[in-house]
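Beneath this line is the structure, given in structure tokens, with notes to follow.
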Amino acid sequence: MKSKHENTEAEILQAAKSIFQQKGMAGSRMQEIADKAGINKAMLHYYFRSKQMLFEAVFKNAFKLLAPQLKKILDEDTDLFDKIRGFTNSYISFVIKHPYLPNFIIQELNKNPDFIERLRTDKDFPNIKKFKLQVEDNVARGVIKPISGEQLFINIMSLNILPFIAAPLFKGFLDTNDKEYHALMDQRKTEVAEFIINSIRL
């Protein structure tokens, strides 16, 4: 029974992820998620009482895959520039596969400021302490221009996140379709890192 329960829940989460990726949180309906999972709506509500709860479950599953990747990169004893490249590549590659993540985080932070605090309790939540020390060391050794670790991290995250949050706006400005925009995002795996590195390198 436990195995069947877990399988049904996994099927629901997979179906919900597919629908959320296609239509976003607002455009998705519980009925179509139930249909996709091959169950009735009553069964879906037995597992997840609301669309919000289901969306949070899908998000947390995805975040649990992303967070350890980012934490590992930030904690590694690697060159700062390689760390920037690795972080950017991992983040953008992941969000291309899970495009609902950035908007969901913004949505939740606007509705519930305590949301990030709940995420921070996870042991794999990324920490930039080591990154900050590494930035300070590179500044002191004359490898990069003076900048704080906090400011550099904000710059990296901003350039990585905004194109996904503001995708409809950028598609309009750039006059691109979904396929073309996806190709641009794929290029940003290297473009963002090199732009940042060139801006701080001495």
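When the stretch 173-185 is examined, which residues are found to be out of contact with any Phe, Trp or Tyr (no Cβ under 9 Å at 6 or more places or on another chain), open to solvent by 60 Å² or more (accessible area, probe 1.4 Å) and without any contact (Cβ under 8 Å) to a residue 40 or more places away in the chain? Selection gives F173, D175, N177, D178, K179, E180.
Of all residues in the stretch 95-106, which are open to solvent by 20 Å² or more (accessible area, probe 1.4 Å) and either modelled with pLDDT of 85 or more or in contact with a Phe, Trp or Tyr (Cβ under 9 Å, 6 or more places away or on another chain) (or both)? Can you show your working first?
Restricting attention to the stretch 95-106, the residues satisfying the condition of being open to solvent by 20 Å² or more (accessible area, probe 1.4 Å) are 96-97, 99, 103, 105-106.
Scanning the stretch 95-106 gives I96, K97, P99, N103, I105.
Only a single item in (1) open to solvent by 40 Å² or more (accessible area, probe 1.4 Å); (2) farther than 23 Å from P68 by Cα; (3) assigned to a helix (DSSP H, G or I); (4) in contact (Cβ under 8 Å) with a residue 24 or more places away in the chain is not met by I147, and it is number (3). Screening the candidates F55, F87, F63, F115 for the property of being in contact with a helix residue (DSSP H, G or I) (Cβ under 9 Å, 6 or more places away or on another chain), open to solvent by less than 20 Å² (accessible area, probe 1.4 Å), in contact (Cβ under 8 Å) with a residue 24 or more places away in the chain and more than 30 Å from K145 (Cβ to Cβ) yields one hit, F55.
Here I12 meets the list (1) farther than 22 Å from K189 by Cβ; (2) crowded, with 17+ Cβ neighbours inside 10 Å; (3) touching a residue at least 60 places away in the same chain (Cβ under 8 Å) almost entirely, failing just condition (3).
For the stretch 186-202, a tally of residues being open to solvent by 90 Å² or more (accessible area, probe 1.4 Å) and charged (D, E, K, R) returns 2.
Residues satisfying the criterion are present in the stretch 137-144 (criterion: among the acidic types (D, E), more than 17 Å from the chain's Cα centre (by Cα) and part of a helix (DSSP H, G or I)).
Give, as residue ranges, the helices (runs of 4 or more DSSP H) completely inside the stretch 1-55 that count at least 3 residues that are more than 21 Å from F104 (Cα to Cα) and modelled with pLDDT under 90. Full working, then the answer.
On the way: elements: 2-27, 30-37, 41-47.
Where helices (runs of 4 or more DSSP H) fall fully within the stretch 1-55 and carry at least 3 residues being more than 21 Å from F104 (Cα to Cα) and modelled with pLDDT under 90, they are 2-27.
Here is a yes/no grid of residues against (1) over 11 Å from the mean Cα position of the chain (by Cα); (2) assigned to a helix (DSSP H, G or I); (3) in contact (Cβ under 8 Å) with a residue 40 or more places away in the chain; (4) under 20 Å from E11 (Cβ atoms):
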{"residue": "F59", "(1), (2), (3), (4)": "no, yes, yes, yes"}
{"residue": "I73", "(1), (2), (3), (4)": "yes, yes, no, no"}
{"residue": "D82", "(1), (2), (3), (4)": "yes, yes, no, no"}
{"residue": "V95", "(1), (2), (3), (4)": "no, yes, yes, no"}
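Determine whether D122 is out of contact with any Cys (no Cβ under 9 Å at 6 or more places or on another chain) and either crowded, with 19+ Cβ neighbours inside 10 Å or farther than 13 Å from A193 by Cα (or both). Against the criterion (out of contact with any Cys (no Cβ under 9 Å at 6 or more places or on another chain) and either crowded, with 19+ Cβ neighbours inside 10 Å or farther than 13 Å from A193 by Cα (or both)), D122 qualifies. Consider the stretch 28-49 and keep the residues that are farther than 14 Å from K17 by Cα and hydroxyl-bearing (S, T, Y). The one that is least open to solvent (accessible area, probe 1.4 Å) is Y47. In the set N160, N155, only one residue is assigned to a helix (DSSP H, G or I) and open to solvent by less than 40 Å² (accessible area, probe 1.4 Å); that residue is N160.
The values are calculated or read from the model by the stated rules, or taken from the named source; none is laboratory data. These numbers come from a predicted model, not from an experiment. Don't worry about glycine lacking a Cβ; one is built from the backbone with ideal geometry, like all the others, and counts go over all protein chains shown. Note: accessible area is taken over every heavy atom of the protein model, side chains too, but ligands, DNA and RNA are not part of it. Shrake-Rupley method; radii C 1.70, N 1.55, O 1.52, S 1.80 Å.
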